[in-house]
1. Can you pull the accessible area of TRP281 for me, 1.4 Å probe, Å² to the nearest 10?
2. For the stretch 179-294, what are Rg and Dmax over the alpha carbons, in angstrom?
3. Suppose we look only past 15 Å in the calculated P(r) of the stretch 207-263. What percent of the Cα-Cα pairs does that tail hold?
4. Suppose the chain between ARG57 and LEU5 were pulled fully straight at 0.36 nm per residue; how much longer would it get relative to their current alpha carbon spacing?
5. What does a probe at GLU216 reach in the stretch 175-209, counting residues whose amide N is under 15 Å from the point 7 Å along Cα→Cβ?
6. Where does the chain land on Rg/Rh, using Cα atoms and the Kirkwood Rh?
7. Taking only pairs that are 8 or more places apart or on different chains, how many Lys pairs in the chain have Cα atoms under 22 angstrom apart?
8. So which trypsin sites (Lys or Arg not before Pro) in the stretch 1-43 pass both tests, a DSSP loop state and at most 11 other Cβ atoms within 10 Å of the Cβ?
Amino acid sequence: MSDRLSVFKTYKLYVGGKFPRSESGRVYEVTDPKGKWLANAPQSSRKDARDAVVAARKAFGGWAGATAYNRGQVLYRVAEMLEGRREQFVREVADAEGLSKSKAAAVVDATIDRWVWYAGWTDKIAQVLGGANPVAGPYFNLSSPEPTGVVAVLAPQESSFLGLVSVVAPVIATGNTAIVIASEKAPLPALSLGEVLATSDVPGGVVNVLSGRTAEIAAPLAAHQDVNAIDLAGADEELAKELEIAAADNLKRVLRPQAVDYFETPGIDRMTAFLETKTVWHPTGSLGASGSSY
């Protein structure tokens with residue numbers, strides 16, 4: 001029996017539902033915690049970041065306009081696809097984070113469960129945040145949450161998969177579209193997630209995944225006039241301050257970095273961070289000769 005050479009995987013970006021290489025043609029070496037080479041990942045440029053914004057904006061109308069129930073179905077389909085590729089992600093997470101196979105399996109299982117958790121919230125968050133407001137007059141006064149728009153997400157640096165999903169899923173569950181900057185030192189699980197999204201029912205452009213130098217990619221996104229919000233989960237203190245200053249130019253919503261145990265059940269804070277409240281007034285009119293109103 002002859003020896004054969006393994007076919008190494010070529011990792012690519014995920015932008016607008018397609019898998020481009022970096023516009024610059026650059027790559028960088030990704031290693032495990034012990035320094036063993038794993039793959040060459042694309043090193044995104046500012047042009048890649050701008051392309052991702054265009055794709056996210058194009059996808060926003062259709063995704064935000066879909067029914068919440070439909071978004072939940074789509075997100076649940078992603079969880080099904082992740083379950084089917086569980087072994088691949090266990091291997092990638094183990095390599096990326098230096099974990100044993102059993103610990104990596106626990107991370108992947110928690111990640112799939114987290115995706116299902118957010119899928120279940122899509123058609124319930126409006127009931128928690130919205131409702132009828134009491135007013136002194138013959139009016140209906142109704143408030144309902146609406147997505148902010150295009151959100152740039154700096155994925156956590158240490159938690160390459162569970163942390164990644166914990167910050168991406170709430171953004172798209174509520175109808176926003178996302179540009180995700182993968183963990184700089186462990187981007188491979190994020191790039192593989194792009195392959196899952198492409199083969200699920202998530203429309204192209206709803207999630208765009210970039211890899212490379214976090215500070216280099218984040219700077220143009222924080223300053224971009226067509227980005228509505230930014231999650232700084234993966235930024236250190238110095239970078240977060242710089243990006244928050246840049247984000248102020250067009251009044252972006254900013255979610256500051258905070259210490260998080262991603263294994264704990266999340267609240268709804270990451271969903272509410274990127275929602276706006278729309279309030280509608282409507283006259284009730286009157287019914288019958290008595291003048292009673294409804």
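1. Here the residue's solvent-accessible area equals roughly 150 Å².
2. According to the Cα coordinates of the stretch 179-294, Rg and Dmax are 20.7, 73 Å.
3. Result: 47 percent of Cα pairs exceed 15 Å.
4. Between ARG57 and LEU5, full extension yields 14.5 nm more.
5. Under cut-off, by backbone N: 181-187.
6. Over the Cα atoms of the chain, Rg/Rh equals 1.05.
7. Summing the qualifying lysine pairs gives 27.
8. Answer in residue order: ARG4, LYS34, LYS36.
The values are calculated or read from the model by the stated rules, or taken from the named source; none is laboratory data. Remember, it's a predicted structure, so these values are computed and weren't measured experimentally. Because the Cβ atoms are built from the backbone with ideal geometry, glycine has one as well, and the counts that use them run over all protein chains shown. Note: accessible area is taken over every heavy atom of the protein model, side chains too, but ligands, DNA and RNA are not part of it. Shrake-Rupley method; radii C 1.70, N 1.55, O 1.52, S 1.80 Å.
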